[in-house]
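Input: a single structure, listed below in C-alpha cells.
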C-alpha cells in the first residue's frame with residue numbers, strides 16, 4: 001500500500017464519516033448568508049416570535065461574577081421546570097437578566113425583571129432557518145455535560161477534517177501532472193481574489 | 001477539483017476560524033472577556049459641510065469618504081448628537097466619532113487580535129452593505145455554500161463508483177449519520 005493509496009482512502013473515508021456535518025454546515029450557511037430574505041419571509045406570517053409560558057414573582061439579588069451569574073441562571077431554569085439543556089445567562093441591563101435555554105429544536109427565554117420583582121418565561125416559535133443556524137453556531141466548551149462537550153469535539157474534528165481534505169486534495173492534484181497547469185491557475189486565481197478581499201474589505 | 005483548488009483559501013479560513021471560535025475560552029483567558037480596545041489614530045477638526053437634514057447614514061458615508069475609509073460600516077447617533085461610525089474593516093476595524101458641537105473628528109483603530117480577525121472573517125456575509133466588494137464577497141460565500149453541497153453529492157457518487165471501497169465507506173457513512181442523528185435527538 002503506497003502513501004498515495006492511503007492518502008486517497010483517508011480523503012474518502014473521512015469525508016463519508018463527516019458528511020452529515022459538511023452537509024449541515026453547507027445548508028445552514030444559506031439562512032446566515034440570506035438572513036434578510038428569511039426574516040422578511042417570516043414577517044409576512046404575522047406570528048409572534050415568543051409565546052408566554054409563565055410569569056411569577058421573584059425577589060432575589062443578582063450576582064455580579066460571570067460564574068455566579070451562570071449558577072443563578074441554572075437555579076432560575078430549574079425553578080421554572082427546565083433542566084438538562086444548554087443555556088447562557090446575560091445581564092441585559094441593571095434591571096434585567098436574560099437566561100436563554102436551548103436545544104436544537106426548542107428555545108426558551110427567561111427574563112428576570114429585577115425592578116418589577118418578577119420572572120417571565122417565554123418559548124420561541126420554531127423556525128427552520130433558526131433551527132439550522134442554531135446547529136451551525138453550536139460549539140464551545142462552556143456547557144456542562146459529556147454529550148454537549150462531545151459535540152464541540154466533533155466540531156474540532158470537522159475543522160481538522162477540512163484541513164486534511166485540503167492537504168490530501170493538494171497532494172492528489174499534484175500526482176496528476178496533466179492537471180497541474182490548470183490547477184496552478186485555479187490556485188493562483190483563488191488566492192489572489194482572497195488576498196484582495198482580506199486587504200480591501 | 002479545480003473548484004476546490006480555487007476555493008481552498010476560503011475553506012482554510014473557515015476551518016481555522018471555527019477552531020478559534022470553538023475554543024474562545026482560551027482567548028478569554030489570554031485577553032480577558034472584553035473586546036479589543038480602540039487606540040487613538042488621529043484627531044482633527046472636520047471642516048466639511050453636511051447637507052441640511054442629512055441622516056446619520058449620509059453623514060457616515062461623507063465622514064468615511066473624507067477620511068479615505070469607505071466600506072462596510074454601522075452608524076449610531078447619540079442623544080447629544082455625536083455621530084459614531086464603526087467601519088467594519090477586516091484587518092483593522094475603526095471607530096470614527098464626530099462631535100457636531102466642536103466639529104472634531106476622532107479616528108480610532110482596534111488593537112489587533114488574531115482570533116477576533118478570524119471571527120470577523122467568518123461572520124462577514126450578506127448583500128446589504130451596498131459596497132461592490134462586499135457584494136462580491138457575498139457571492140463568493142454563496143459559491144462556497146454551493147461547492148460544499150456539490151462536494152457532498154459528488155463525493156457520494158465517486159465513492160459509489162469505486163466498488164472496492166463500498167463496504168468500508170458504508171461503515172464510515174453509517175457511523176457518521178448514526179452519530180449525527182443521536183445528537184439531533186439528544187442536544
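The values are calculated or read from the model by the stated rules, or taken from the named source; none is laboratory data. Values in this document were obtained by computation on a predicted structure and should not be read as measured data. All Cβ positions, glycine included, derive from the backbone under ideal geometry; neighbour counts span all protein chains shown.
Residues are listed down the side, and each one gets a yes or a no for (1) at negative phi; (2) surrounded by fewer than 16 Cβ atoms within 10 Å (Cβ to Cβ); (3) without any contact (Cβ under 8 Å) to a residue 24 or more places away in the chain:
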| site | (1), (2), (3) |
| --- | --- |
| A:93 | yes, yes, yes |
| A:101 | yes, no, no |
| A:106 | yes, yes, yes |
| A:125 | yes, yes, no |
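Among the residues of the range B:153-172, is there at least one that is more than 8 Å from chain A (Cβ to nearest Cβ), outside any loop (DSSP other than H, G, I, E, B) and touching a strand residue (DSSP E or B) at 6+ places or on another chain (Cβ under 9 Å)? The answer is no, given that none of the residues of the range B:153-172 is more than 8 Å from chain A (Cβ to nearest Cβ), outside any loop (DSSP other than H, G, I, E, B) and touching a strand residue (DSSP E or B) at 6+ places or on another chain (Cβ under 9 Å).
Does any residue of the range A:58-66 turn out to be buried (at least 18 other Cβ atoms within 10 Å of the Cβ), under 24 Å from the mean Cα position of the chain (by Cα), within 30 Å of residue A:160 (Cβ to Cβ) and within 14 Å of another protein chain (Cβ to nearest Cβ)? There is no residue in the range A:58-66 that is buried (at least 18 other Cβ atoms within 10 Å of the Cβ), under 24 Å from the mean Cα position of the chain (by Cα), within 30 Å of residue A:160 (Cβ to Cβ) and within 14 Å of another protein chain (Cβ to nearest Cβ).
For the range A:163-201, the candidate set comprises residues that are under 30 Å from residue B:181 (Cα atoms) and touching a residue at least 60 places away in the same chain (Cβ under 8 Å); within that set, the residue that is nearest to the other protein chains (Cβ to nearest Cβ) is A:169. Do we find a residue being in a helix (DSSP H, G or I) and either at pLDDT 90 or above or buried (at least 16 other Cβ atoms within 10 Å of the Cβ) (or both) anywhere in the range A:48-55? No, the conditions are met nowhere in the range A:48-55. Looking at the structure I just gave you, is residue A:67 without any contact (Cβ under 8 Å) to a residue 12 or more places away in the chain and either out of contact with any strand residue (DSSP E or B) (no Cβ under 8 Å at 6 or more places or on another chain) or outside any loop (DSSP other than H, G, I, E, B) (or both)? Yes, satisfied. The residue pairs whose first member lies in the range A:133-152 and is in contact (Cβ under 8 Å) with a residue 24 or more places away in the chain, whose second member is surrounded by fewer than 18 Cβ atoms within 10 Å (Cβ to Cβ) and not in a helix (DSSP H, G or I), and whose beta carbons are closer than 6 Å, counting only pairs six or more residues apart or on different chains, are A:135/A:104.
If you check residue B:96 against the conditions, is it in contact with a strand residue (DSSP E or B) (Cβ under 9 Å, 6 or more places away or on another chain) and part of a helix (DSSP H, G or I)? So residue B:96 does not fit the description; no.
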